[in-house]
Amino acid sequence: MVNDPQDALARLIQALKVLPGVGPKSAQRIAFHLLQHDRSGAQLLGQSLLDAVQTMQHCQQCNTFSETPVCTTCADGRRDPSILCVVETPADQLMVEQTLTYKGLYFVLMGRLSPLDGLGPDEIHLHRLLARIDQSQGVIQEVVLATNFTSEGEATAHYIGEMMKARGIKVSRIARGVPVGGELEYVDASTLARAFMDRRSVG
């Protein structure tokens, strides 16, 4: 029964497998749990996913997820518009915010350069980042590179840094309080806060 592609349970298990870290056995356990113990939770989950897919879009300025054309962070007049922090994902942006030390604005790449995975400059929206820099008319004075300290993240930071320096923009990199190979989403807030305070100029 479960192997029948037309079976609702099989389709649910298959759908759950798209989640990161969820394999066939985990997907099966989750499906059985929801159906047996928490059908109201399953309905809430399904409706919330549908609502998010239908309503979330990319912020026109920073590229993060937002229900409105411009997200609340970009629309906040208290933020410092002269500093732009470049991160890989919305999860990384959230981690930076939780440090309570950064008061500038953001650009979210939604990825990182990885030629082996077919991810080049266009796939991580670098054209939108450059357009934002060029349209700022000199307001943006510093770009903080807060990509992860993986080989792809470092390559992405270097690539963006060279483009920013060519435009006369000051470039800094968060300090290595973040462990080599670490991803911001999994770093504790105090460590990330120290990395921001100790950021260094690039070049």
Number of positions in region 134-156 that are within 16 Å of the chain's Cα centre (by Cα) and not aliphatic (A, V, I, L, M): 8
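The rows are residues; the columns are (1) open to solvent by less than 70 Å² (accessible area, probe 1.4 Å); (2) among the small types (G, A, S); (3) over 23 Å from A91 (Cβ atoms).
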| site | (1), (2), (3) |
| --- | --- |
| L129 | yes, no, no |
| R132 | yes, no, no |
| A157 | yes, yes, no |
| M163 | yes, no, yes |
| K170 | no, no, yes |
Looking at the structure I just gave you, is S190 of a type in the set (S, T, Y), closer than 22 Å to T73 by Cα and at pLDDT below 85? yes
What are the residues in region 27-61 that are touching a helix residue (DSSP H, G or I) at 6+ places or on another chain (Cβ under 8 Å) and open to solvent by less than 40 Å² (accessible area, probe 1.4 Å), if any? A27, A31, L34, G41, A42
Criterion: more than 25 Å from S201 (Cβ to Cβ), among the small types (G, A, S) and under 19 Å from the mean Cα position of the chain (by Cα) - qualifying residue of G46, G111: G111
Identity of the residue in region 73-91, within 16 Å of the chain's Cα centre (by Cα) and in a loop (DSSP other than H, G, I, E, B), that ends up surrounded by the most Cβ atoms within 10 Å (Cβ to Cβ): E88
Sort out which residues of region 92-109 are hydrophobic (A, V, I, L, M, F, W, C), part of a helix (DSSP H, G or I) and open to solvent by 10 Å² or more (accessible area, probe 1.4 Å), and write them in order of number. L94, M95
Boolean, L105 is in contact with a Pro (Cβ under 9 Å, 6 or more places away or on another chain) and under 20 Å from L130 (Cα atoms): yes
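The values are calculated or read from the model by the stated rules, or taken from the named source; none is laboratory data. Keep in mind the model is a prediction, meaning the values are calculated, not measured. In this analysis, Cβ positions are derived from the backbone assuming ideal geometry, glycine residues included, and neighbour counts consider all displayed protein chains. The protein model used for the area step is the full one, side chains on, heavy atoms only, and it has no ligands, DNA or RNA in it. Shrake-Rupley method; radii C 1.70, N 1.55, O 1.52, S 1.80 Å.
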